[in-house]
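Undergrad: Mind having a look at this structure? Questions to follow.
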Amino acid sequence: MSQTATRPVPVPDELSAPFFDGARAGRLMLQHCRACSRWSFPVRERCPHCFAKDLEWRAASGKGTLYTFAIMHQVMNPGFAADVPYNVCQIDLDEGVRMVSNIIGVASADLRIGMRVEAVFDALTNEVSVPKFRAA
Amino acid sequence: MANAAKGAIVGLGVTPMGKIYGRRAVDFAADAIALALEDAGLQKSDIDGLLINANIPNDMDPRSQMTLGLENLSLVNVMSAYGSTGGSMMQYACMAIREGLAKTIVLVYADAPLTPSRGAGASYSGPHRFPLGGMAGLKAHYGDFGANLGYAMAAQRHMHLYGTTEDHFGIIAVGQRKWAQMSPWAQMKAPMTMEDHHRSRWIAEPLRLFDCCLVSNGAVALIVTSPERARDLKQKPVYVLGYAQASPGDNLATDRHPGVETGAKRSGEMAFRMAGITRQDIGSCQLYDCYTYTVLVTLEDYGFCAKGEGGPFVADGKLGPGGSLPTNTGGGQLSGYYMWSFTPMSEAVVQARGQGGERQIARNDFILVSGNGGILNFHSTLIVSPHASGG
């Protein structure tokens, strides 16, 4: 039997390790600035809002609202051949951060901008988990 | 003189476009430059500046100067703000000429991503572009590949907020196909109806195949010099009256809306002010049209209609042949050819010179040209004219 290609699995790096460690433990970890108290995503060393280099990792609520989405029909990577059409979503987290992810358990036709969603964690391997979202 | 021209476009070279295989981008570039020199009545030795638009494969690097055989240059650079770069290159060329850094500068975009074995999408966004480390790997896992999705999400947001429909996108595509049928350079000549648009396959919903630009092998070159020198050359000069860039930025904070409120607004205001004209003076728009949606949101941000009213604004077909705001009159990137911002710039030169043949617009006094890069992240605006001054 030929091996079926699967979705790419991220390889955590030094900067993103706390994010992936959190996901493995079922927490959505984001960077929070001690200087201006704003959250940011994706990971970086310096706050994009106030430019202070004083970011700490904190657990976010994992709750948010669907800002917009699209349904992808193209197979740009063989790991998605069995998944098309699939959704790609921008989710406005309650912390004020916009994050790209997938919503699971909701048919494409039932996705609605403004719907409330919450993070769930998908264990891709023993080492790597990623957050996704479901209807809240 | 107030609002005098900042520079002049005196040469245009456009190579054959599309599925022309087996040639390198730099060889297309050489052809485009040769055509532009002939058009301008200049020699290769007259060129003392070279600005190259970086392309996605990054195979047009500064060493292209040697392959092109350009010698004794006093200005060379490769520039990149993705699809907005052309307007920025024009801005820098005019500034460099005014500062005396160079006298005659060639601007070129060349690309050759299409091969016989790969489709347009794969050519442009192959898996090699998606690394797996850290946050990039997270994007790859979610399947967030390429520009199609980003623009589709922006369009979806616009539809949600303002009731924009696929008919609004479709009328843009249909109108541009009609223009393309009148352009000798356009790749897509087959008639397109609204029904054809609605039946074309989904790429990334809400965008269909006919909402998406082409991918082209080819090159476009423009030659820029001072307004004074331009008067003695072969072609009627096309004067650059206004230019501006605007890049609003996106920190992925929930209080920003880059998909529906773009840099066209600010760069347009600055360019109009520089040219000393108003929107009412514009007879034609040549807008960056990577997607039908890009045209719609750019028209809103330039103020041709209120925010959110782009759909109803275009619905009567005013952008197409015979309409009140002829736009993308060479077919644009949707039906003409995809040379990033060199697509709208090249058509603006044709129209400002009055060389459009059966697609020539009547009111060519002031033409608005946009560039757009990233996912609506970077914006450039040019105002060009057959007149050496604006207001």
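Undergrad: Once phi is turned into θ = phi - 60°, what whole-Hz ³J(HN,Hα) does the Karplus curve with 6.51, -1.76 and 1.60 give for every residue of the stretch A:111-127, x standing for Gly and Pro?
TA: 5, 9, 4, x, 5, 7, 9, 9, 6, 10, 10, 9, 7, 7, 9, 5, 9
Undergrad: I need the phi-derived Karplus couplings for the stretch B:348-362: 6.51 cos²θ - 1.76 cosθ + 1.60, θ = phi - 60°, integer Hz, Gly and Pro marked x.
TA: Coupling constants for the stretch B:348-362: 4, 5, 4, 5, 5, 6, x, 9, x, x, 5, 9, 4, 7, 7 Hz.
Undergrad: Please compute the average number of Cβ atoms from other chains found within 10 Å of each residue's Cβ in peptide A:61-73. Before the final figure, lay out each step's value.
TA: Numbers: counts 0, 0, 0, 1, 1, 1, 7, 13, 8, 17, 9, 12, 10.
Mean number of neighbouring Cβ atoms from other chains: 6.
Undergrad: Fewest first, what order do B:Phe304, A:Phe121, A:Phe51, B:Phe169 take by the number of other Cβ atoms within 10 Å?
TA: Details: B:Phe304 21, A:Phe121 17, A:Phe51 11, B:Phe169 26.
Lowest count first: A:Phe51, A:Phe121, B:Phe304, B:Phe169.
Undergrad: Please report B:Tyr337, B:Tyr243 as a ranked list, fewest other C-beta atoms within 10 angstrom at the top and most at the bottom. Let's see the in-between values first.
TA: Details: B:Tyr337 30, B:Tyr243 26.
Going from sparsest to densest Cβ surroundings: B:Tyr243, B:Tyr337.
Undergrad: Follow-up question, since we're still on this one. At a Cα cut-off below 17 Å, give the lysines reachable from B:Lys265, other chains included and same-chain residues fewer than 8 away excluded.
TA: B:Lys265 reaches B:Lys307.
Undergrad: Which three lengths, in whole Å and largest first, does the stretch B:1-95 cover when its Cα atoms are put on their principal axes?
TA: Principal extents (largest minus smallest coordinate, Cα): 50, 30, 26 Å.
Undergrad: I need the GluC sites (Glu not before Pro) found in the stretch A:27-102, filtered to DSSP loop residues with at most 16 other beta carbons within 10 Å of theirs.
TA: On the way: sites: A:Glu45, A:Glu56, A:Glu95; in loops: A:Glu45, A:Glu95.
In loop regions of the stretch A:27-102 (DSSP not H, G, I, E or B), the sparsely surrounded GluC sites (Glu not before Pro) are A:Glu45.
Undergrad: Between exposed GluC sites (Glu not before Pro) in chain B, where DSSP calls loop and at most 11 other Cβ atoms lie within 10 Å, what's the longest gap? Don't skip to the end; give the middle numbers.
TA: Numbers: sites that count: B:Glu71, B:Glu99.
Maximal segment without exposed cleavage sites: B:100-391.
Undergrad: P(r) tail for the stretch A:17-135, what percent of Cα pairs lie past 20 Å? Walk me through the numbers on the way to the answer.
TA: Numbers: 3356 of 7021 pairs.
Value for the stretch A:17-135 (Cα pairs over 20 Å): 48 percent.
Undergrad: Further question on the same structure: Treat the count of other C-beta atoms within 10 Å as a stand-in for reagent exposure and order B:Arg363, B:Arg353 from fewest to most.
TA: Values: B:Arg363 14, B:Arg353 17.
Ordered by Cβ neighbours within 10 Å, fewest first: B:Arg363, B:Arg353.
Undergrad: Computed from the mean reciprocal separation of all distinct C-alpha pairs, what Kirkwood hydrodynamic radius does the stretch B:293-338 have, in Å? Before the final figure, lay out each step's value.
TA: Working: mean 1/r = 0.0910 Å⁻¹.
Its Kirkwood hydrodynamic radius stands at 11.0 Å.
Undergrad: What FRET efficiency comes out for A:Asp83 versus B:Glu261 if R0 is 41 angstrom and r is the Cβ-Cβ distance? Round to the nearest 0.05. Kindly include the intermediate steps, with their values, before the conclusion.
TA: Working: r = 32 Å, r/R0 = 0.78.
According to the calculation, E is roughly 0.80.
Undergrad: Provide a whole-number value for the mean count of partner chain Cβ atoms within 10 Å of the Cβ atoms in peptide A:97-109.
TA: Numbers: counts 4, 9, 4, 10, 5, 4, 0, 0, 0, 0, 0, 1, 0.
Per residue, the average neighbour count from other chains is 3.
Undergrad: What Cys residues in chain A have no fellow cysteine's beta-carbon under 4.7 angstrom?
TA: A:Cys89
Undergrad: Find the all-direction average of the projected area of the Cα convex hull for chain B, expressing the result in square nanometres with one decimal place.
TA: Working: hull surface 73.2 nm².
Average of the hull's projected areas for chain B equals 18.3 nm².
Undergrad: Taking R0 as 51 Å, what FRET efficiency do you get between B:Leu101 and B:Ala190 from their Cβ-Cβ distance, rounded to the nearest 0.05? Intermediate results must be reported in sequence, preceding the final value.
TA: Working: r = 46 Å, r/R0 = 0.90.
Once the sixth-power term is evaluated, E becomes 0.65.
Undergrad: Report the gain in length on full extension from A:Asp122 to A:Ile104: 0.36 nm times residue separation, minus Cα-Cα distance, nm rounded to one decimal.
TA: 5.5 nm
Undergrad: Under a point spin-label approximation (7 Å from Cα along Cα-to-Cβ), what is the B:Ala362-A:Glu14 distance to one decimal in nm?
TA: Result for the modelled spin labels: 6.7 nm.
Undergrad: Along the charge dipole of the protein assembly as shown, Cβ charges K/R +1 and D/E -1, which of B:Gly218, A:Asn77, B:Ala25 sits furthest on the positive end?
TA: So the residue furthest toward the plus end is B:Gly218.
Undergrad: Can you quote the Å³ per residue value for the convex hull of the Cα atoms in the protein assembly as shown, rounded to an integer? Don't skip to the end; give the middle numbers.
TA: On the way: hull volume 83.4 nm³, N = 527.
Considering the Cα atoms of the protein assembly as shown, their hull volume per residue is 158 Å³.
Undergrad: If you don't mind, there's one more thing I want to ask. If the cut-off is a Cα-Cα distance under 29 Å, which lysines reach B:Lys103, setting aside same-chain residues fewer than 8 apart in sequence?
TA: Within the straight-line limit of under 29 Å, B:Lys103 reaches these lysines: B:Lys6, B:Lys44, B:Lys234, B:Lys236.
Just so you know, all these numbers are worked out from the coordinates, no wet-lab data involved. Computed from a predicted model, the values in this text were never measured in an experiment. Methodologically, a virtual Cβ is constructed for each residue, glycine included, from the backbone with ideal geometry; neighbour enumeration extends over all protein chains shown.
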